[in-house]
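Presented below is the structure to which this report refers.
Bear in mind these aren't lab numbers, they're just calculated from the coordinates by the rules spelled out. Predicted, not measured: the structure shown is a model, and the values here were computed from it. Glycine also receives a Cβ, built like all others from the backbone with ideal geometry; neighbour counts cover every protein chain displayed.
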Amino acid sequence: MDPVIPSDAMLIRENTAAIAPRLVPEIELHLADEDRALYRAGEDELAAMGIGTPYWAFAWAGGQALARYILDNPKAVSGRKVLDFGAGSGLVAIAAAKAGAFDVTAADIDPMAAAAMDLNRALNDVWFEIETEDVIGGAGDWEVLLIGDVCYDKEIADRIFPWLRREHQAGREILFGDPGRFYLKNFGLEPVASYHAETTGIMEDTDLRNARVWRFAH
Ligand SMILES: C[S@@+](CC[C@H](N)C(=O)[O-])C[C@H]1O[C@@H](n2cnc3c(N)ncnc32)[C@H](O)[C@@H]1O
């Protein structure tokens with residue numbers, strides 16, 4: 001990862017509070033809350049701040065479900081080399097590190113997500129690598145790939161599924177955290193665990209109450 005730009009870290013600190021996501025009370029993250037402008041900022045305000053959509057400032061329902069699953073089922077990652085893809089705040093990577101993963105990499109192409117993850121790993125006293133290069137299609141040596149709420153967009157869903165299916169066929173374990181978004185359908189997944197997470201009505205059009213963990217059906 002490139003060194004975090006101090007002004008990015010300052011922007012995050014000034015526009016977030018340390019908050020534990022509803023499903024994962026044992027982890028605190030720098031997240032947007034209703035008292036801060038970032039929570040309601042539109043495109044123009046974000047542009048004035050010099051940032052894009054702050055996915056990293058929210059703990060998405062899929063990421064919360066995946067983090068909860070990993071903390072409750074540490075064997076899924078314990079002693080293994082893990083990738084958190086589309087990591088955002090780094091919630092899933094933090095859960096994997098806490099659950100005893102041997103080595104964790106959190107990948108997100110948004111440099112602000114990298115800056116947020118840098119703060120969030122310190123806040124939780126864990127370590128993981130942060131990767132801002134696009135890893136889709138690459139052949140890393142990860143044993144477990146964790147995908148938290150990334151199927152919100154057709155373009156990204158179309159890019160990740162051929163890659164993830166190949167990785168699955170090569171014997172890697174792939175777990176998706178997702179509330180059942182449209183682009184997740186028809187990819188041959190089966191549910192592993194179900195949770196109830198409420199997310200903000202600002203970044204989502206409805207509260208998501210059916211966050212699930214999924215895997216490729218056998
Ligand atoms: C909805 S957020 C989910 C964040 C986190 N996993 C969670 O569940 O809270 C999706 C994230 O995917 C990231 N993303 C989009 N395209 C990506 C790519 N090609 N490689 C890595 N991350 C990507 C975005 O920057 C964003 O942070």
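Points worth noting:
- Charge-dipole axis of region 1-114 as Lys and Arg at +1 and Asp and Glu at -1 on Cβ define it, positive-most pick from Ala106, Gly52, Ile5: Ala106
- Cross-link reach list, aspartates and glutamates versus Lys185, counting only Cα pairs under 16 Å and skipping chain neighbours closer than eight places: Asp149, Asp153, Glu155, Asp158
- In terms of other Cβ atoms within 10 Å, Ser7, Ser78, Ser89 run from fewest to most in the order Ser7, Ser78, Ser89.
- About the Cα centre, charge dipole magnitude for the chain (Lys/Arg +1, Asp/Glu -1 at Cβ), debye: 940 debye
- Cα Rg, Dmax, the chain, angstrom units: 16.1, 48
- Loop-located GluC sites (Glu not before Pro) in region 1-71 (DSSP state not H, G, I, E or B) with no more than 15 neighbouring Cβ atoms inside 10 Å: Glu26, Glu34.
- Computed over region 52-134, the P(r) curve from all C-alpha pair distances, binned at 5 Å from the origin, holds 3, 18, 28, 27, 16, 6, 1, 0 percent per bin.
- Relative intensity of region 6-50 on a log10 scale, I(q)/I(0) at q = 0.15, 0.30, 0.33 Å⁻¹, equals -0.43, -1.07, -1.14, per a Debye sum over C-alpha point scatterers of equal strength in the absence of solvent.
- Ignoring the sites themselves, the chain has its longest run without trypsin sites (Lys or Arg not before Pro) in a DSSP loop having at most 13 other Cβ atoms within 10 Å at 41-184.
- Based on DSSP H segments of at least four residues, each scored -39500 (n - 2.57), the chain has a per-residue ellipticity at 222 nm of -9000 deg cm²/dmol.
- Applying a DSSP loop filter and a limit of 10 other Cβ atoms within 10 Å to the GluC sites (Glu not before Pro) in region 89-151 leaves Glu133.
- A Cβ-based charge dipole, computed about the Cα centre of region 57-172 with Lys and Arg at +1 and Asp and Glu at -1, lands at about 500 debye.
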